[in-house]
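J.: After the structure tokens below, expect a handful of questions from me.
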Amino acid sequence: MKIFLAGIAFVAVAWLGLWLSNTGILVYSADTKVPKVRDCRYFIGVTVLRRIVPLADRCPVLRNVGP
């Protein structure tokens, strides 16, 4: 039971840290109709933000998505 609670606490602290630092985790990536452009979607806090990345074969797993 202690390991389970420690795991939940770790996930909560990591989530809060990513949210406060405006760092998103990649949840979806796809090609667009425009050549050499990718549609990347990042989970940050409680929302999923969409970013269009030009000249990329893949999206970075962690990305600073804030202003």
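J.: Check whether at least one residue in the range 53-62 is within 9 Å of the chain's Cα centre (by Cα), part of a loop (DSSP other than H, G, I, E, B) and closer than 18 Å to VAL11 by Cβ, and report yes or no.
T.: yes
J.: Can you tell me which residue in the range 18-50 is surrounded by the most Cβ atoms within 10 Å (Cβ to Cβ), limited to those that are in contact with a Ser or Thr (Cβ under 8 Å, 6 or more places away or on another chain) and either among the hydroxyl-bearing types (Ser, Thr, Tyr) or modelled with pLDDT of 90 or more (or both)?
T.: Residues of the range 18-50 in contact with a Ser or Thr (Cβ under 8 Å, 6 or more places away or on another chain): 38-41, 44.
Of the ones still in play, those that are also either among the hydroxyl-bearing types (Ser, Thr, Tyr) or modelled with pLDDT of 90 or more (or both) are 38-41.
Values: ARG38: 18, ASP39: 16, CYS40: 21, ARG41: 15.
In this case the residue turns out to be CYS40.
J.: Does ARG58 satisfy the criteria of being of a type in the set (D, E, K, R), surrounded by 13 or more Cβ atoms within 10 Å (Cβ to Cβ) and out of contact with any helix residue (DSSP H, G or I) (no Cβ under 6 Å at 6 or more places or on another chain)? First the steps, then the outcome.
T.: On the way: of a type in the set (D, E, K, R): yes; surrounded by 13 or more Cβ atoms within 10 Å (Cβ to Cβ): no; out of contact with any helix residue (DSSP H, G or I) (no Cβ under 6 Å at 6 or more places or on another chain): yes.
No: the conditions fail for ARG58.
J.: I'd like the full set of residues that are of a type in the set (Ser, Thr, Tyr) and farther than 12 Å from ARG63 by Cβ, limited to the range 21-50. So that I can check it myself, show each step before the final result.
T.: So in the range 21-50, the residues of a type in the set (Ser, Thr, Tyr) come out as 21, 23, 28-29, 32, 42, 47.
Passing the criteria: TYR28, THR32, THR47.
J.: For the subset of the range 18-46 comprising residues that are in contact (Cβ under 8 Å) with a residue 40 or more places away in the chain and in a strand (DSSP E or B), which member is farthest from ASN64 (Cα to Cα)?
T.: GLY24
The values are calculated or read from the model by the stated rules, or taken from the named source; none is laboratory data. Since the model is a prediction, treat every value here as computed from it, not as a measurement. Note that we place each Cβ from the backbone using ideal geometry, even for glycine, and neighbour counts take in every protein chain shown.
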